[in-house]
Amino acid sequence: MDLSSISPTLLIASLMVAATPILLAAIGELIVEKAGVLNLGVEGMMITGAICGFAIAVETGSPVIGFIAAAAGGALLSLIFGVLTQYLLSNQVATGLALTLFGLGLSSLMGQSYVGIKPPQTNKLDIPVLSDIPVLGPILFNHDIMVYFALALVVLVWLGLNRTRAGLVLRAVGENHDAAHALGYKVIRVRLLAIMFGGACAGLGGAYLSLIRVPQWTEGMTAGAGWIALAIVVFGAWRPFRVLLGAYLFGGVTVLQLNLQAAGLAIPVEYLSMSPYLITIAVLVVMSAKRGRTSLAAPASLGRIFHASQ
Amino acid sequence: MNALLDLDGLTKAYPGVVANDDVSFSIQEGEVHALLGENGAGKSTLVKMIYGLVKPDSGTMQLRGSSFAPPEPRAARASGVAMVFQHFSLFEALDVAENIALGMENPPAMRELAARITEVSQNYGLPLDPSRLVGELSAGERQRVEIIRCLLQNPKLLIMDEPTSVLTPQEVEILFKTLETLKSEGTSILYISHKLEEIRRLCDSATILRLGKKVATCNPREETAKAMAEMMVGSTLHQPERKPHKTQEVALQLHDLTLPAQSAFGTTLKNISFSVQKGEILGIGGVAGNGQDELTAALSGEALSDAGAIEMHGKPIGQMGPNARREIGLLAAPEERLGHAAAPDMSLIENALLTGDIRKGLSRRGFLNWPKAKAFAENVIAEFDVRTPGPGNAARALSGGNLQKFVIGREILQAPEVLVINQPTWGVDAAAAADIRQALLDLAANGAALVVISQDLDELMEISDRFAALNEGRLTEPVPAFGLSVEQIGLMMGGAHDLEAVQ
């Protein structure tokens, strides 16, 4: 076993890359759940985004157009969920699970002719001067634009939720949809917009996998990333920065265990493979257990069907 | 003085009931106007029409001389009508300032709003910290949030629906000071309550409703509480021809039962003591929300108390759960039929099993005796004239009166030694109600002790041997129901704890 082959600098740099798809999906789902909707279809929306982004990027040769297409694809798929749950009042859990299955099937159908192709390369933003700083440079300033976009999105979501009127209305809808309705807010419209935002974010996360992290298209390539994103939202107590922490922690342990496997650590591979899941959940549980008010953290109307009967 | 709001001939009918029948009165500028009446007298419907939640079938309203017909609450708010609801419409996980901002059409920036909340709340003697989470506030503080939400809109008319029902006496004192300040500033207040002493203290005039009709408008300061109670209850209370009950062995005894409120809006039971003898019916009256549900739960075993606080045949049972109490013959029927007394989506057979298993032996070694359960359910249906196609029907499918007959029949046919019933005939048509009352009288005649909790005074007078009233979690001394006058009942309900003070 040779631990010296693991470079801390490269490890942290690849951690950010590994965490980005989950972070994107989780921050979108956070908004959805803050509006009181439980969309379990994250996995399906991610993989649909992955193939939409991949196909369009290959056809146009532009990764940027690919990412836009991925967001559109994810949002479109989430709209099916939105219409079913908000207008037709279907059960959110069942509909979300169905969406995941549908997304997995749809993406393999769409992706049949794209297996084995290489997508156009997304360039790293070689930020001059800053990226030349030793150690910090390669860690922080030598990534593709989506890594920074995801980080900016976390900050924007936090600001939007806590500092704007729209964010306040969104939280109010998620807390008590009857009271929000009585005060004259459009519960269903707010929720549909939130669902579409969540779908777009999940789509971006999926495209990040197929266009940058892997980068190629294989069936079922999200491999549970959507479920991890869902778990991180819950264990992160619906707080944007805790979701960021959870995603980076998961990414970090994933990269570390891959490196350890490569270094030939004398632990069965199965244990190493399960470690990211165990450690992320354990850390987030311990963190949220400390605060007595976690029960207040979950949006009170989460998963409940709203019908304006008055 | 000029009228701020004129109501003229307001009528609103719902299927089967006329909630408001030709109600007319005026609220003057800067007065506190009380709206009095028993449950179901039509107070809420009337207020909802003023606030734009319900449209009147006929009749008109005028606000400062111009026609006023708000299609929705937003329009009423824009015209200067604000309302503090009995059940608050707040967001628990949001802080005070956010809650208030959500109720405003054009809220200022958060920091500015917080400053205004602090300022207004200090001016009116209702201190509130804008940054606290509403979920952490007491009921009184939550009400302040609603009041300040209204005050920030500078209302001309403030409607308050039973504002003191969830408040402690100290909080009531603070609220009254605030309302007096508002009145001195020229705001009119429409104040809904059953509490006569409060109204005598606070209000300039009072409109009394009974069964949807206006009975009178009077000056509460010139009327006695007795006179108002008579107007509210009606002087036609049925005087039952019942012989005084013969003294027998005590079946159920409560000693100083004290039980803290189980939920934020619950009532704390305070030092409740009474005894019920075999063959006797104790009627417990009182305005809703004064501890009826809590007392039912404490008696049925849903809420446990000190072991010795409740005794049956001299044995302490306060720590026994509902099934242990059923085993020794104490049965109960709670107020809420669907969801509490019966599981809505389960069949009548299954519902019969749920409470009847122990006393009727409907299961053996963990396996249900289905034919026996079906026979029991069919027996209840036949004996109590429950109108349903069969015992396999879901409880939800029955009408209110039929389900109530089923629920009460289910308990009575288990031959209880003590039966506790909350609201036996609530929402039940007259014929079914008479059947239920007769069944209760028959049960008592066979030697069972009954505790009947109800808001229907006629009913209590008809069947009770003794009567007591619940008020803010306290129970008055039970007195013989025979010959009890309307004014005595009204005063017992209104909070005069000693009947001697009345006489």
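The values are calculated or read from the model by the stated rules, or taken from the named source; none is laboratory data. Computed from a predicted model, the values in this text were never measured in an experiment. Glycine gets a Cβ as well: all are built from the backbone with ideal geometry, and neighbour counts include every protein chain shown.
For the range B:11-59, enumerate the residues that are in contact with a Cys (Cβ under 7 Å, 6 or more places away or on another chain) and either assigned to a loop (DSSP other than H, G, I, E, B) or small (Gly, Ala, Ser) (or both).
Matches in the range B:11-59: B:ALA34 only.
Please give the number of the condition A:ALA266 fails out of (1) at pLDDT below 85; (2) within 14 Å of chain B (Cβ to nearest Cβ).
Going through the list (1) at pLDDT below 85; (2) within 14 Å of chain B (Cβ to nearest Cβ), A:ALA266 breaks only (2).
Could you list, ordered by first residue, the pairs with Cβ atoms under 7 Å in which the first is in the range B:176-203 and under 22 Å from B:ARG64 (Cα atoms) and the second is of a type in the set (Lys, Arg) and at pLDDT 85 or above, at least 6 apart or interchain?
Pairs that qualify, where the first residue is under 22 Å from B:ARG64 (Cα atoms) and the partner is of a type in the set (Lys, Arg) and at pLDDT 85 or above, are B:THR187/B:LYS156; B:SER188/B:LYS156; B:ILE189/B:LYS183.
Which helices (runs of 4 or more DSSP H) sit wholly inside the range A:141-239 and have at least 1 residues that are touching a Phe, Trp or Tyr at 6+ places or on another chain (Cβ under 7 Å) and within 14 Å of chain B (Cβ to nearest Cβ)?
Working: elements: A:145-163, A:165-175, A:177-182, A:187-208, A:225-235.
Fully inside the range A:141-239 and qualifying: A:165-175, A:177-182, A:187-208.
Please indicate, with yes or no, whether at least one residue in the range B:54-70 is surrounded by 16 or more Cβ atoms within 10 Å (Cβ to Cβ), in contact (Cβ under 8 Å) with a residue 12 or more places away in the chain, within 23 Å of B:PHE176 (Cα to Cα) and in the same structural domain as B:GLY186 (by TED's automatic domain parsing).
Within the range B:54-70 (the criterion being surrounded by 16 or more Cβ atoms within 10 Å (Cβ to Cβ), in contact (Cβ under 8 Å) with a residue 12 or more places away in the chain, within 23 Å of B:PHE176 (Cα to Cα) and in the same structural domain as B:GLY186 (by TED's automatic domain parsing)), the answer is no, since none of the residues qualifies.
Mind checking which residues of the range B:85-124 are under 19 Å from B:LEU179 (Cα atoms) and of a type in the set (A, V, I, L, M)?
Within the range B:85-124, B:ILE117, B:VAL120 meet the criteria.
For the range A:53-64, indicate whether the set of residues that are buried (at least 24 other Cβ atoms within 10 Å of the Cβ) and either free of Cβ contacts under 8 Å to residues at least 12 places away in the same chain or assigned to a loop (DSSP other than H, G, I, E, B) (or both) is non-empty.
no
Test B:LEU53 against the stated conditions and say whether it is within 14 Å of another protein chain (Cβ to nearest Cβ), within 30 Å of A:VAL169 (Cβ to Cβ) and at pLDDT 85 or above.
So B:LEU53 fails the test.
Restricting to the range A:294-307, name every residue that is at the interface with chain B (Cβ under 10 Å from one of its Cβ atoms) and at pLDDT below 50.
Listed by number, the list holds a single entry, A:SER295.
Going by what's in this entry, would A:GLY73 be described as in contact (Cβ under 8 Å) with a residue 60 or more places away in the chain, outside any helix (DSSP H, G or I) and touching a Ser or Thr at 6+ places or on another chain (Cβ under 6 Å)? Before you say what the answer is, go through the steps one by one.
Details: in contact (Cβ under 8 Å) with a residue 60 or more places away in the chain: yes; outside any helix (DSSP H, G or I): no; touching a Ser or Thr at 6+ places or on another chain (Cβ under 6 Å): yes.
No, not satisfied.
Taking the stated definitions as given, is A:ASP132 away from chain B (no Cβ under 14 Å) and at negative phi?
So A:ASP132 passes the test.
Of all the residues that make up the range B:363-406, how many are within 20 Å of B:ILE421 (Cα to Cα), in a helix (DSSP H, G or I) and without any contact (Cβ under 8 Å) to a residue 60 or more places away in the chain?
8
Report whether or not B:TYR14 is loosely packed, with under 15 Cβ neighbours inside 10 Å and either outside the structural domain of B:ARG116 (by TED's automatic domain parsing) or among the aromatic types (Phe, Trp, Tyr) (or both).
Yes, satisfied.
Would you check which residues across the range A:8-52 are under 30 Å from A:ALA179 (Cα atoms) and in a helix (DSSP H, G or I) and list them? Walk me through how you get there before you give the answer.
Of the range A:8-52, the ones under 30 Å from A:ALA179 (Cα atoms) are A:25-42.
Of everything in the range A:8-52, those that are under 30 Å from A:ALA179 (Cα atoms) and in a helix (DSSP H, G or I) turn out to be A:ALA25, A:ALA26, A:ILE27, A:GLY28, A:GLU29, A:LEU30, A:ILE31, A:VAL32, A:GLU33, A:LYS34, A:VAL42.
Does any residue of the range A:222-231 turn out to be more than 17 Å from A:ILE47 (Cα to Cα) and at pLDDT below 95?
To start, the set of residues in the range A:222-231 that are more than 17 Å from A:ILE47 (Cα to Cα) comprises A:231.
Retained after the next criterion (residues that are at pLDDT below 95): A:231.
Scanning the range A:222-231 turns up at least one residue that is more than 17 Å from A:ILE47 (Cα to Cα) and at pLDDT below 95.
Answer yes if at least one residue in the range B:124-142 is in contact with a Ser or Thr (Cβ under 9 Å, 6 or more places away or on another chain) and acidic (Asp, Glu), and no otherwise.
yes
Any idea which of A:GLY103, A:GLY116, A:GLY111 is away from chain B (no Cβ under 14 Å) and either free of Cβ contacts under 8 Å to residues at least 12 places away in the same chain or within 18 Å of the chain's Cα centre (by Cα) (or both)?
When all the criteria are applied, what remains is A:GLY103.
Out of all the residues in the range B:443-460, which are under 19 Å from B:LEU254 (Cα atoms) and over 24 Å from the mean Cα position of the chain (by Cα)?
Across the range B:443-460, the qualifying residues are B:ALA448, B:ALA449.
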